[in-house]
Amino acid sequence: MIYLRGNLGAGKTTLVRALLHALGYTGRVKSPTYTLLERYEAGRLHLRHFDLYRFRDAEEWEGSGFRDEFDGHNICLVEWPEQASGLLPPADISITFEILQDGREIMLHAYTDAGRKCLSAL
Ligand SMILES: Nc1ncnc2c1ncn2[C@@H]1O[C@H](COP(=O)(O)OP(=O)(O)O)[C@@H](O)[C@H]1O
Ligand SMILES: [Mg+2]
């Protein structure tokens, strides 16, 4: 579970697109701004890209089937996780984007053993 934090235009979707392409996915990667979720298969990996910016309603969550995506196998990348706090599983990793006057600052934090294992492999 990877939380992506930062303002609109900070680069969250761009990072997901680059990650998918680096994993060999050759299709189009569009922002799930309206669909809230896009699903991708890259090699053996199942990736789920959420953008919860427009998500408002906890009841909608139960009807959406999103919970089924958190099965311990899917790699979930979640933009605007704070929109569904209390509904999402906790993060293994958070990536925080900040736009600076000259470029961007990206901060990575690991919260679990799985997360630490990923970050120490970078
Ligand atoms: N690391 C980066 N360096 C330069 N431009 C970037 C970078 N990341 C994103 N952008 C540009 O910023 C714009 C918005 O990025 P996007 O990934 O859609 O932001 P977010 O998903 O955080 O709202 C895009 O035009 C993209 O090309
Ligand atoms: Mg985005």
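The values are calculated or read from the model by the stated rules, or taken from the named source; none is laboratory data. Source: prediction; values computed, not measured. Neighbour counts run over all protein chains shown; Cβ positions are idealised from the backbone, glycine included.
Annotation note: Cβ proximity below 6 Å between a residue of the stretch 1-28 that is more than 9 Å from ligand 1 (Cβ to nearest atom) and a residue that is in a helix (DSSP H, G or I) (sequence gap 6+ or interchain) occurs for Tyr3/Pro81. Do we have Arg48 as in contact with a strand residue (DSSP E or B) (Cβ under 7 Å, 6 or more places away or on another chain), surrounded by fewer than 17 Cβ atoms within 10 Å (Cβ to Cβ), modelled with pLDDT of 95 or more and among the charged types (D, E, K, R) here? So Arg48 fails the test. Each residue in the stretch 61-117 was checked for being within 26 Å of Gly43 (Cα to Cα) and acidic (Asp, Glu), and 6 pass. For the stretch 55-67, the criterion of being within 14 Å of ligand 1 (Cβ to nearest atom), hydroxyl-bearing (Ser, Thr, Tyr) and surrounded by 13 or more Cβ atoms within 10 Å (Cβ to Cβ) is met by no residue. Does Arg48 satisfy the condition of being outside any helix (DSSP H, G or I) and within 16 Å of ligand 1 (Cβ to nearest atom)? Criteria met by Arg48. In this structure, is Arg17 of a type outside the set (A, V, I, L, M) and in a helix (DSSP H, G or I)? So Arg17 passes the test.
Residue by residue through the stretch 72-110, note down the ones that are in contact with a His (Cβ under 9 Å, 6 or more places away or on another chain) and in contact (Cβ under 8 Å) with a residue 40 or more places away in the chain. Result: Ile75, Cys76, Leu77, Val78, Glu79, Ala91, Ile93, Ser94, Ile95, Thr96. Only one of these conditions is not met by Gly9: (1) of a type outside the set (S, T, N, Q); (2) surrounded by 11 or more Cβ atoms within 10 Å (Cβ to Cβ); (3) within 11 Å of ligand 2 (Cβ to nearest atom). Which number is it? For Gly9, the failing item is (2).
From the list Leu108, Leu122, Leu77, pick out the single residue that is outside any helix (DSSP H, G or I), within 16 Å of ligand 2 (Cβ to nearest atom) and closer than 24 Å to Tyr25 by Cα.
Values: Leu108 fails: within 16 Å of ligand 2 (Cβ to nearest atom); Leu122 fails: within 16 Å of ligand 2 (Cβ to nearest atom).
Answer to the selection: Leu77.
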